[in-house]
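Structure first, then comments.
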Amino acid sequence: MSTHADLGMELGARVAAALRTGLDVRVDPVDTLIRPSTRDGVDYQCNIAMSLAKKLGRPPREVATALVEALDAADMVAETEIAGPGFVNFVLRDDWLAERVAELLGDPRAGVPVTDAPRRFALDYSSPNVAKTMHVGNMRSTVIGDALHRLLAFAGHEVLPHNHLGDWGTPFGMLIEHMLDSGLDGSITDLNAFYQQARAKFDADEAFATRSRDRVVKLQAGDEQTRQLWQRLVDESARHFQAVYDLLGIRLTQANIYGESFYNPYLGEVVDELTELGLTEVSDGAVCVFPPGFTGREGQRLPLIVRKSDGGYGYAATDLATARYWTRERDVTDLLYVVGSPQAQHFQMVFAVCTQAGYLTDKHRAEHIAFGSVLGADGKMMRTRAGESVALIGLLEEAVARAAKVIEERSELAEADRAAVARAVGIGAVKYADLAGDRLKDYVFTWEKMLAKDGNTSVYLQYAIARIRSVLRKAGETVQPGTAVRLGEPAERALAVKLLQLPAAIDAAVAEYAPHKLCGYLFETASAFTGFYENCPILASSTPDDVRGSRLALAALTADVLVLGLSLLGIDAPERL
Ligand code: ARG
């Protein structure tokens, strides 16, 4: 009976045991350097002999030989081979693999364990700015953050998502005055236009600018009427954000909003604390902290401004209060910020000051989950023809419309289901394109590529799932737990190995906050299924009953794994396509 659903981990445990008995060295199973092999006919390789050899003062091949001789894994491993300087190659037994796969039948987690070291995460994502339309730049934080939310929760961690809305600061004076001027009834239909009109008036009209400045002072002093006007503006924006989240299928709601204004009451205390700790300096009238190790081009120390010379607080002070709040009041162990790469230095400095201040200690981890930009076909930041940032809601509507065209010729689809399927395909394609590459890299937004039926796209995965479901419907039987799995054909075996690697894929995606690792795995699994489907007839009359049962089980498991994987990326899989 295996203890680990994950192949690599199980092999690691066996190797660790062999190192103990054969060489009297203790190594944690995760550190045995077991990796899937890229060599044909080899499943895994172990790379530990080389580094152990140095420590033990023995030749690597001798260490590898001792390892292989002490290995107690005849139930699991069919063949071992020592290659090159001391790699150990493993071929797993077909019957062992078949039993492991059969164990997955009926398991809603498809073999993925729940972590035995759960942590509590404050996850900052989406975080758009009030009185601005959500644009394509807000998409990545929203989509990547949502995927991480789902992945972490599935792995067994506690996740406290918070939406750090930009809802505070000097622009609100002019926005409120403009709202008063333009009459209070009716909703703001175009947030961007509203913002630009306010801005234009502020620049052209001195009296308006003065009123706006006075209004900011009132807002910060907590004047009741001003506060109400401000709230209306925030609510208008939040309604728009919610519409985008609903269309995207994002889990954020009103209850997750912890905007910049939320931390306002704490800012004074933060400055006092930092000052008491002797961390602050006054520089040009502003209260600053100069965290060690941060210097500009000319070697000058870089400040984190905690209170501006006019007495106001800015973005950085708010982020200090934010970290303090989530670690102290909400007892989180981990702080994740899903924010674009240009803010890297800001977060490094915030983390440094938080550590100096004791807001972050040894038991905490803070990480900036950075990401690159979305580019247009010209390789520059994606913009409209007029040079403006692209509104997200329009982009998503276009995705659904284009998906409707893609599925137009699918006769299997009932008329009534078409709208829902188009939405799953269109929204899924946009999300998947955002998640499938290393998040640190920029990517080019291309409709044709993201909606392609072949390649590493959600459409390819959704088609694979729908094909499997159609086969299962035709078979007219449900696959029962306990069905015997047989791996006679190479394509069956290759698919089985892939299905058993889901735990490792999810583990890597979680550990590195890297949804693309899960995407890559899902693509490989769907490709392995395609190979299986082409080579191993399931329902043909020539297929013996036991083989048919086994193949149906492999197909059903593939669908389960792909559906689960897509759901962790926030993507739906239509029943028919
Ligand atoms: N509103 C900010 C922006 O649009 C992002 C906020 C990110 N979160 C944070 N805690 N700083 O750039």
Test Phe154 against the stated conditions and say whether it is in contact (Cβ under 8 Å) with a residue 60 or more places away in the chain, away from the ligand (no atom under 16 Å from the Cβ) and either within 36 Å of the chain's Cα centre (by Cα) or outside the structural domain of Asp331 (by TED's automatic domain parsing) (or both). yes
What residue, among those in segment 194-224 that are touching a Lys or Arg at 6+ places or on another chain (Cβ under 9 Å) and hydroxyl-bearing (Ser, Thr, Tyr), is least open to solvent (accessible area, probe 1.4 Å)? Ser212
Among residues belonging to segment 121-130 that are within 12 Å of the ligand (Cβ to nearest atom) and on the phi < 0 side of the Ramachandran plot, point out the one that is most open to solvent (accessible area, probe 1.4 Å). Asn129
Going through segment 372-391 in order, the residues found to be among the hydrophobic types (A, V, I, L, M, F, W, C) and modelled with pLDDT of 95 or more are Val374, Leu375
Every residue in segment 517-546 that is in contact with a helix residue (DSSP H, G or I) (Cβ under 9 Å, 6 or more places away or on another chain), of a type outside the set (Gly, Ala, Ser) and closer than 20 Å to Val485 by Cα, please. Thr525, Phe529, Thr530, Phe532, Tyr533, Glu534, Asn535, Cys536, Pro537, Ile538, Leu539, Thr543
I need the helices (runs of 4 or more DSSP H) fully contained in segment 380-492, keeping only those with at least 3 residues that are of a type in the set (S, T, N, Q) and closer than 23 Å to Leu564 by Cβ. 458-475
Of Ala484, Ala508, the only residue that is aliphatic (A, V, I, L, M), surrounded by fewer than 19 Cβ atoms within 10 Å (Cβ to Cβ) and more than 21 Å from the chain's Cα centre (by Cα) is Ala484
Which residues, counting only those in segment 319-337, are within 26 Å of Asp214 (Cα to Cα) and open to solvent by 10 Å² or more (accessible area, probe 1.4 Å)? none
When segment 341-369 is examined, which residues are found to be within 21 Å of the chain's Cα centre (by Cα), within 14 Å of the ligand (Cβ to nearest atom) and surrounded by fewer than 18 Cβ atoms within 10 Å (Cβ to Cβ)? Ser341, Pro342, Gln343, Ala344, Gln348, Glu367
Candidates Glu534, Glu524, Glu575, filtered to the one that is of a type in the set (Asp, Glu), assigned to a loop (DSSP other than H, G, I, E, B) and either at negative phi or open to solvent by 20 Å² or more (accessible area, probe 1.4 Å) (or both): Glu575
Identify all residues within segment 41-56 that are under 13 Å from Arg26 (Cα atoms) and of a type in the set (Val, Ile, Thr); write none if there are none. Ile48
Would you mind finding the one in Glu224, Glu236, Glu260 that is touching a helix residue (DSSP H, G or I) at 6+ places or on another chain (Cβ under 9 Å), of a type in the set (D, E, K, R) and modelled with pLDDT of 95 or more? Glu260
Could you tell me how many of the residues in segment 40-84 are farther than 30 Å from Leu495 by Cα, open to solvent by 40 Å² or more (accessible area, probe 1.4 Å) and within 38 Å of the chain's Cα centre (by Cα)? 2
Would you pick out the residues in segment 263-318 that are surrounded by 13 or more Cβ atoms within 10 Å (Cβ to Cβ), more than 16 Å from the ligand (Cβ to nearest atom) and in contact (Cβ under 8 Å) with a residue 60 or more places away in the chain? Glu273, Leu274, Leu279, Val289, Pro291, Gly312
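Take residues that are closer than 22 Å to Ala323 by Cα and under 32 Å from the mean Cα position of the chain (by Cα) and tell me which of the strands (runs of 3 or more DSSP E) falling wholly in segment 232-309 contain 2 or more.
304-307
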Mind checking whether some residue in segment 181-193 is at pLDDT 90 or above, open to solvent by 20 Å² or more (accessible area, probe 1.4 Å), within 27 Å of Met382 (Cα to Cα) and more than 16 Å from the ligand (Cβ to nearest atom)? no
Would you kindly identify the strands (runs of 3 or more DSSP E) lying entirely within segment 71-124 that contain at least 2 residues that are free of Cβ contacts under 8 Å to residues at least 24 places away in the same chain? 77-83
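Here are Ala556, Ala540: which of them is surrounded by 18 or more Cβ atoms within 10 Å (Cβ to Cβ) and either among the aliphatic types (A, V, I, L, M) or in contact (Cβ under 8 Å) with a residue 40 or more places away in the chain (or both)?
Unique residue meeting the criteria: Ala556.
Filter segment 378-401 down to the residues that are small (Gly, Ala, Ser) and open to solvent by less than 30 Å² (accessible area, probe 1.4 Å) and list them by number.
Ala399
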Please list, ordered by first then second residue, the pairs with beta carbon atoms under 7 Å, 6 or more apart or interchain, first in segment 344-361 and in the same structural domain as Val289 (by TED's automatic domain parsing), second within 14 Å of the ligand (Cβ to nearest atom) and hydroxyl-bearing (Ser, Thr, Tyr). Phe347/Tyr337; Tyr359/Thr327; Leu360/Thr327
Segment 259-280, residues that are in contact with a Ser or Thr (Cβ under 6 Å, 6 or more places away or on another chain) and charged (D, E, K, R): Glu260
Would you be able to tell me the number of residues in segment 131-150 that are near the ligand (Cβ under 9 Å from one of its atoms) and either part of a helix (DSSP H, G or I) or among the hydrophobic types (A, V, I, L, M, F, W, C) (or both)? 3
With criteria (1) among the β-branched types (Val, Ile, Thr); (2) surrounded by fewer than 18 Cβ atoms within 10 Å (Cβ to Cβ); (3) closer than 19 Å to Ala494 by Cα, Val30 comes up short on (3)
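The values are calculated or read from the model by the stated rules, or taken from the named source; none is laboratory data. The structure presented is a predicted model; accordingly, all values stated were derived computationally and were not measured. When we count neighbours, we look across all protein chains shown, and the Cβ atoms used for this are built from the backbone with ideal geometry, even at glycine. Accessible surface is based on the protein model in full, side chains and every heavy atom, while ligands, DNA and RNA are left aside. Shrake-Rupley method; radii C 1.70, N 1.55, O 1.52, S 1.80 Å.
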